Amino acid sequence: FNEDQRAWLAGFLAGMNSRILSEKDAAPQASAVRTPIDILYGTQTGNAEGLAELAAEQFSGLGFAPRTHELDAVEMDTRAHMRQASFVGSTYGEGEMPDNGELFWEQLSASTAPRLESLKYGVIALGDNSFEELCHAGKVIDTRLEQLGAARLLERVDCDVDFEDPSEQWLTKAQELFELEDNPQGADLAIPAAPAKPAVKKSQWTRKNPYEAKLIENRLLSRDGSGKEIRHIAFDLGDSGIEYATGDALGVMPTNSPDLVTALLERLGASADQTIAGHEAPLGELLARQFEIRTPSRELLKAIEPLVGHDELTHVLTHQDKEALDAFLWGKDVLDLLNLNPDVAFDAGEFLSWSKPLQHRAYSISSCPMAHPGEVHLTVAAVRWSGHANGKGREHQGVASCFLADQCGEGKSAPVFVSPNKNFRVPTDGDAPMIMVGPGTGIAPFRAFLEERRERGDAGKNWLFFGDQHRAHDFIYDDEISAASQSGLLTRLDLAFSRDQAEKIYVQTRMRENAKELFGWLEEGGYFYVCGDATRMAKDVDSALHEIIAAEGGLSEEQASEYVANLKREKRYVRDVY
Ligand code: NAP
């Protein structure tokens, strides 16, 4: 939740505050019993949490007694006693619940869920329109609350990445509907709010006002022969005053590949200095810095379909077959789509109207601020592939990873800002065992976690599961990892190089081989962290964890699930995956 959004919401809610107070003529007295409003949030990257916190802060000024909770933190029975609640739900991946909403959803969707007839509620759903299931989590929560008899005070709002405007309209309506009561029901209910968190110093550097950080290192980590290009990127934070915590992410505002911009200008039959109605900057600048020109938007697909006359595109769009559409789009960028029919001319202004704004990309920070004062480090795999459209081969690039790899050389800089990830932290208890599973670039935050434990002088045991394709080419940070093993900082290291032998060996293979000890660490109060690929690795690691707990703890499948659920409730099983 960044500074612009905070400032915007603070301003908006302040306006809302004065309107409500004057309309209801009810300035709150310090001693008066205040109307509770519960604000429940499900967050993956911190946006929903930030929105919930700020809304609570401002609702408090309106005379309400707001209580904010993570979705998973409130038991179903307690929820049944809530009278007025707003839900801020974020969706991640392909329409999944955020990690701190999984248990909540399990309970809410169960046939045994209690009726919620006395609850009045509203839902703000956050999501990303580039994924098929925009705001899926918020949608299903909204529908289920209604099924359970709760009264929807107003229609849900589904927000894309830029959520300010739609949230503003939603909140304008909400202000008339959430009620300040003379004798508030539920004010006396002992529903614990989340413990107050220490105030975080606000940074002036945000998504809309990023800091131009000077590059100090751009070093290839993977070796010759690797199928990957993994880089260590370090920035100087200069006099920005930027602070971050180990576990946070860094937002990077990329510039599109100059080659792609040139090729696109050519395809549009336009020049870089051409101006487009409604835009101040010249077209070249718009394509380089302001619009997403790699991943096609839904609008672009719909708009070009009748123009290009391409049977397969028409087929997948008409049949709304998601799998077939994904397969068709696999590896294709915007230019490939325009080239489906090279004879069709496109107007540059129209093209822009189908395109989405260029968004930042977030990378898990791989440095601990205590170990590298004034610096921030990233571990980035440059995404490159050869694509073919209409028989013509072209080199393709990931937007931000190749911006960092290719355009951030010596003497260069990049616009950055910190994106906090408050749930992904080294245990506060320095004696607690820590298990980290981070294959590939998933190692990034764990390099920082180990640095933090070293800097703090923590005595807790540390266990790293790491792997990639080949030991010879892909064992990144091997010098640092070996040093940590030798010094004893790393108590256990288990490596899984998947392609060094006939059969695949993955991190979960190593977990299973060491099941007894792994379970022992959990039983000692250990924390279990996962970072990296969400679609396959994190799911398989989760299954392995369940199996290990069942086998070693002598538990049924159900009991093992409850054990894992408890780890999540205690914030001892946390993931940074996408
Ligand atoms: P990767 O593609 O995940 O590959 C790393 C290793 O994992 C390889 O040995 C690979 O083996 C293996 N692997 C493949 N399928 C697996 C499975 N089902 N279970 C366990 N291991 C499996 O590595 P990468 O190129 O560094 O990509 C990492 C992914 O994590 C990217 O999707 C990146 O976006 C994401 N990431 C996320 C975060 C975050 O959430 N903050 C941070 C860093 C990276 P084979 O290739 O031989 O099958």
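The values are calculated or read from the model by the stated rules, or taken from the named source; none is laboratory data. Since the model is a prediction, treat every value here as computed from it, not as a measurement. Please note: Cβ atoms are built from the backbone with ideal geometry, for glycine as well, and neighbour counts cover all protein chains shown. What goes into the accessible areas is simple: the full protein's heavy atoms, side chains included, and nothing from ligands, DNA or RNA. Shrake-Rupley method; radii C 1.70, N 1.55, O 1.52, S 1.80 Å.
Computed quantities for the displayed model
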| item | result |
| --- | --- |
| Qualifying helices (runs of 4 or more DSSP H) (wholly inside the range 50-166; at least 3 residues being more than 23 Å from Pro420 (Cα to Cα) and β-branched (Val, Ile, Thr)) | 136-147 |
| Which listed residue is within 12 Å of the ligand (Cβ to nearest atom) and farther than 15 Å from Gln469 by Cα, from Ala550, Ala534, Ala496 | Ala534 |
| Val541 vs. criteria within 16 Å of the ligand (Cβ to nearest atom), open to solvent by less than 10 Å² (accessible area, probe 1.4 Å), assigned to a helix (DSSP H, G or I) and in contact (Cβ under 8 Å) with a residue 40 or more places away in the chain | yes |
| Residue list for the range 335-361, restricted to those being of a type in the set (Ser, Thr, Tyr) and either closer than 22 Å to Glu395 by Cα or buried (at least 19 other Cβ atoms within 10 Å of the Cβ) (or both) | Ser355 |
| Test for Leu518: is it under 18 Å from Pro433 (Cβ atoms) and either out of contact with any strand residue (DSSP E or B) (no Cβ under 7 Å at 6 or more places or on another chain) or of a type outside the set (Phe, Trp, Tyr) (or both) | yes |
| Cβ pairs under 8 Å, 6+ apart, first in the range 551-566 and of a type in the set (S, T, N, Q), second surrounded by 13 or more Cβ atoms within 10 Å (Cβ to Cβ) | Ser556/Ala550; Gln559/Ala550; Gln559/Gly553; Ser561/His546 |
| Count - residues of the range 92-134 that are crowded, with 21+ Cβ neighbours inside 10 Å, within 16 Å of the chain's Cα centre (by Cα) and either modelled with pLDDT of 90 or more or not aromatic (Phe, Trp, Tyr) (or both) | 8 |
| Of all residues in the range 452-477 being in a helix (DSSP H, G or I) and away from the ligand (no atom under 15 Å from the Cβ), the one that is most open to solvent (accessible area, probe 1.4 Å) | Arg454 |
| The lone exception for Ala288 - which of (1) farther than 30 Å from Gly409 by Cα; (2) in contact with a Pro (Cβ under 9 Å, 6 or more places away or on another chain); (3) in contact (Cβ under 8 Å) with a residue 24 or more places away in the chain it fails | (1) |
| Hits in the range 357-378 (condition: within 15 Å of the ligand (Cβ to nearest atom) and under 15 Å from Glu451 (Cα atoms)) | Ser364, Ile365, Ser366, Ser367, Val376, His377, Leu378 |
| When residues of the range 379-423 are limited to those that are in contact with a Cys (Cβ under 8 Å, 6 or more places away or on another chain) and more than 15 Å from His360 (Cβ to Cβ), the one farthest from the ligand (Cβ to nearest atom) | Arg384 |
| Positions within the range 427-451 being more than 22 Å from the chain's Cα centre (by Cα), charged (D, E, K, R) and assigned to a helix (DSSP H, G or I), in sequence order | Glu451 |
| Selection count where residues are open to solvent by 10 Å² or more (accessible area, probe 1.4 Å) and assigned to a loop (DSSP other than H, G, I, E, B), scope the range 499-533 | 12 |
| Pick from the range 306-321, criterion under 21 Å from Phe351 (Cα atoms) and within 31 Å of the chain's Cα centre (by Cα), ranking: most open to solvent (accessible area, probe 1.4 Å) | Leu317 |
| Wholly within the range 197-257, strands (runs of 3 or more DSSP E) carrying at least 1 residues that are open to solvent by less than 70 Å² (accessible area, probe 1.4 Å) and under 15 Å from Pro373 (Cα atoms) | 211-220, 230-236 |
| Residue in the range 322-334 that is surrounded by the most Cβ atoms within 10 Å (Cβ to Cβ), counting only those that are of a type in the set (A, V, I, L, M, F, W, C) and out of contact with any helix residue (DSSP H, G or I) (no Cβ under 6 Å at 6 or more places or on another chain) | Val334 |
| Residues being among the hydrophobic types (A, V, I, L, M, F, W, C) and surrounded by fewer than 13 Cβ atoms within 10 Å (Cβ to Cβ) - total across the range 371-396 | 1 |
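Per-residue answers, yes or no, for (1) at pLDDT below 90; (2) crowded, with 22+ Cβ neighbours inside 10 Å:
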position	(1), (2)
Ser90	yes, yes
Gly138	no, yes
Gln147	no, no
Pro184	yes, no
